[in-house]
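Participant: The structure that follows is given in the form of structure tokens.
Taken together, the values in this text are just the output of simple stated rules run on the coordinates, not laboratory data. Everything quoted here is computed from the prediction, not taken from an experiment. Counting neighbours? That spans all protein chains shown, and the Cβs are built from the backbone with ideal geometry, glycine included.
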Amino acid sequence: MSALNANELLRVESLAKTFTLHLHGGARLPVVHGVSLSVMAGECVVLGGPSGVGKSSILKMVGGSYLAGEGRILVADGERVVDVARAAPREILDLRRRVVGSVSQFLRVIPRVAAIDIVAAAAQEAGFDRDAAGARAAALLARLRLPEALWRLPPATFSGGEQQRVNIARGFAGAHRLLVLDEPTASLDAANREAVIALIAERKAQGSGFLAIFHDDDVRARVADRIVDVARFSDREAA
Ligand SMILES: Nc1ncnc2c1ncn2[C@@H]1O[C@H](COP(=O)(O)OP(=O)(O)OP(=O)(O)O)[C@@H](O)[C@H]1O
Ligand SMILES: [Mg+2]
């Protein structure tokens, strides 16, 4: 396996994905092919392109929740390089705890767990001890302006924007070197978007890298170091 360059956190090479719809007679739905990109330390690479072109699918393959069809997804884990496209499930889980963090478009959590405990649990999984994890969770929820009255409540009944801020806090609670973000600011108002932009800038300055999707042009312009147009890798466009 080839090594990554110095400061390279992620290199995707010739990645392809075709969904096979088993419930629909095994119909095959090609999505992307030949996806190549890389993310350096301190850099935010944003995926662009129209709806359905395969942006979220690429993020999910990098995060290990979708299986890659073909190609390589090389991730730096200290001195090691892991190919997520070929890693065993156990290895992917370990990587997600320590190295590759993610913020999905919507919060999915276990019912009845308090917001602050959801965030603290993510910090503990990433290696912070109990006290440090609790402090980190509180600091993140405060920065993301979640009212303190909500911290000890489960997010099931929170508004969309409140749930999303818990989701973002959870994604940022660890010390992941690489973060994948799928439209994290879509349901946020201007002040809350600012808080997320500041968090991203801070983590970039600390050397983290981002692979992200933002529909909001203003947010994108402010956080993106590079934009990769996924349409050029799309099987859909060619069809
Ligand atoms: N689990 C899945 N099973 C089958 N098809 C899927 C699955 N996930 C995604 N797809 C299909 O892959 C295509 C790309 O979806 P994807 O969510 O990656 O697009 P996107 O670029 O993120 O779009 P949007 O901007 O609307 O979020 C879509 O046609 C979608 O229906
Ligand atoms: Mg998407």
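Participant: Which aspartates and glutamates, on any chain, are close to K17 with Cα under 14 Å apart, when same-chain ones fewer than 8 places away are left out?
Facilitator: Correct list for K17: E70, D235.
Participant: Using the Cα centre as the reference, give the magnitude of the dipole from point charges on the C-beta atoms of region 56-146 (Lys, Arg: +1; Asp, Glu: -1; all else neutral), rounded to the nearest 20 debye.
Facilitator: Numbers: 14 positive and 10 negative charges, 63 e Å.
Here the size comes out at about 300 debye.
Participant: Rank the residues K204, K17, K55 as a footprinting-exposure proxy: fewest other Cβ atoms within 10 Å of their Cβ go first.
Facilitator: Values: K204 18, K17 23, K55 26.
So the ranking, lowest neighbour count to highest, is K204, K17, K55.
Participant: Right, something else. Under unit Cβ charges (Lys, Arg +1; Asp, Glu -1), what dipole magnitude, rounded to 20 debye, does the chain have relative to its Cα centre? Don't skip to the end; give the middle numbers.
Facilitator: Working: 30 positive and 27 negative charges, 80 e Å.
Taking the Cα centre of the chain as origin, the dipole is about 380 debye.
Participant: What FRET efficiency comes out for the pair A114/R222, r = Cβ-Cβ distance, R0 = 41 Å, nearest 0.05? List each step's numbers first, then the result.
Facilitator: Working: r = 32 Å, r/R0 = 0.79.
Calculated transfer efficiency: 0.80.
Participant: Something else now. Towards the positive end of the charge dipole of region 65-105, with charges on Cβ (+1 Lys, Arg; -1 Asp, Glu), say which of V84, L74, S104 has the farthest Cα.
Facilitator: The Cα lying farthest towards the positive end belongs to S104.
Participant: Students often get this wrong: which residues of region 212-237 have the backbone nitrogen under 16 Å from the point 7 angstrom along Cα-to-C-beta of R145?
Facilitator: Residues 219 fall inside that zone.
Participant: With an 8 Å Cα cut-off and a minimum separation of 6 or more residues, compute the relative contact order for region 150-239 in percent. Display every interim value, and only then the final one.
Facilitator: On the way: 60 pairs, mean separation 24.7, N = 90.
Answer for region 150-239 is 27 percent.
Participant: By per-residue mean of other Cβ atoms within 10 Å, what is the highest-first order of 217-225, 43-51, 171-179? Let's see the in-between values first.
Facilitator: Values: 217-225: 15.2, 43-51: 18.1, 171-179: 22.8.
Averaged packing, sorted descending, gives the order 171-179, 43-51, 217-225.
Participant: Taking only Cα atoms and a 10 Å spring cutoff, compute GNM fluctuations for the chain and point out the largest among Q124, Q105, Q206.
Facilitator: Looking only at Q124, Q105, Q206, the biggest GNM fluctuation is shown by Q206.
Participant: How do the peptides 68-77, 142-151 rank, highest first, by the average count of neighbouring beta carbon atoms within 10 Å per residue? Let's see the in-between values first.
Facilitator: Working: 68-77: 19.7, 142-151: 15.6.
Highest-to-lowest ranking by the protection proxy: 68-77, 142-151.
Participant: Based on the Cβ-Cβ distance of E202 and A135, what FRET efficiency does E = 1/(1 + (r/R0)^6) give at R0 = 25 Å, to the nearest 0.05?
Facilitator: On the way: r = 17 Å, r/R0 = 0.67.
It comes to 0.90.
Participant: Calculate the tail of P(r) for the chain: the fraction of all Cα-Cα distances greater than 23 Å, expressed in %. Numbers along the way, then the final one.
Facilitator: Numbers: 13946 of 28441 pairs.
So the portion of pairs separated by more than 23 Å is 49 percent.
Participant: L93 versus A41, label points 7 Å from Cα toward the beta carbon: distance in nm?
Facilitator: In this crude label model, L93 to A41 measures out at 3.0 nm.
Participant: Still on this model: Looking at the chain as a GNM with Cα springs under 10 Å, which of A191, A122, A212 has the largest mean-square fluctuation?
Facilitator: The residue that fluctuates most here is A191.
Participant: Output the relative contact order of the chain, whole-number percent, from Cα pairs under 8 angstrom with separation of 6+ residues.
Facilitator: 29
Participant: Follow-up question, since we're still on this one. Want the number for E194 to T157: 0.36 nm per residue separation, take away the alpha-carbon distance, what's left?
Facilitator: Numbers: separation 37, 0.36 × 37 = 13.32 nm, distance 2.42 nm.
That works out to 10.9 nm of additional length.
Participant: For D131, D94, which order do you get if you count the other beta carbons within 10 Å of each Cβ and list the fewest first?
Facilitator: Ascending number of Cβ neighbours within 10 Å: D131, D94.
Participant: How do L107, L181 line up, fewest other C-beta atoms within 10 Å first?
Facilitator: Details: L107 20, L181 25.
Fewest-to-most Cβ neighbours within 10 Å comes out as L107, L181.
Participant: If you place +1 on the Cβ of every Lys and Arg and -1 on the Cβ of every Asp and Glu, how big does the dipole about the Cα centre of region 1-91 come out, in debye to the nearest 20? List each step's numbers first, then the result.
Facilitator: Values: 9 positive and 8 negative charges, 74 e Å.
Here the size comes out at about 360 debye.
Participant: Report, in deg cm²/dmol and to the nearest 500, the calculated mean residue ellipticity at 222 nm for the chain, where each DSSP H run with n ≥ 4 adds -39500 (n - 2.57) and the sum is divided by the residue count. Walk me through the numbers on the way to the answer.
Facilitator: Numbers: 8 runs with 84 residues, N = 239.
Mean residue ellipticity at 222 nm (helix-derived): -10500 deg cm²/dmol.
Participant: Moving to a separate point now. With N denoting the number of residues in region 125-201, provide Rg(C-alpha) divided by 2.2 N^0.38 Å, to two decimal places.
Facilitator: 1.06
Participant: Considering only DSSP beta bridges where both residues belong to the chain, give the percentage that are antiparallel (nearest 5). Walk me through the numbers on the way to the answer.
Facilitator: Numbers: 20 of 36 bridges.
Restricted to the chain, the bridges split so that about 55 percent are antiparallel.
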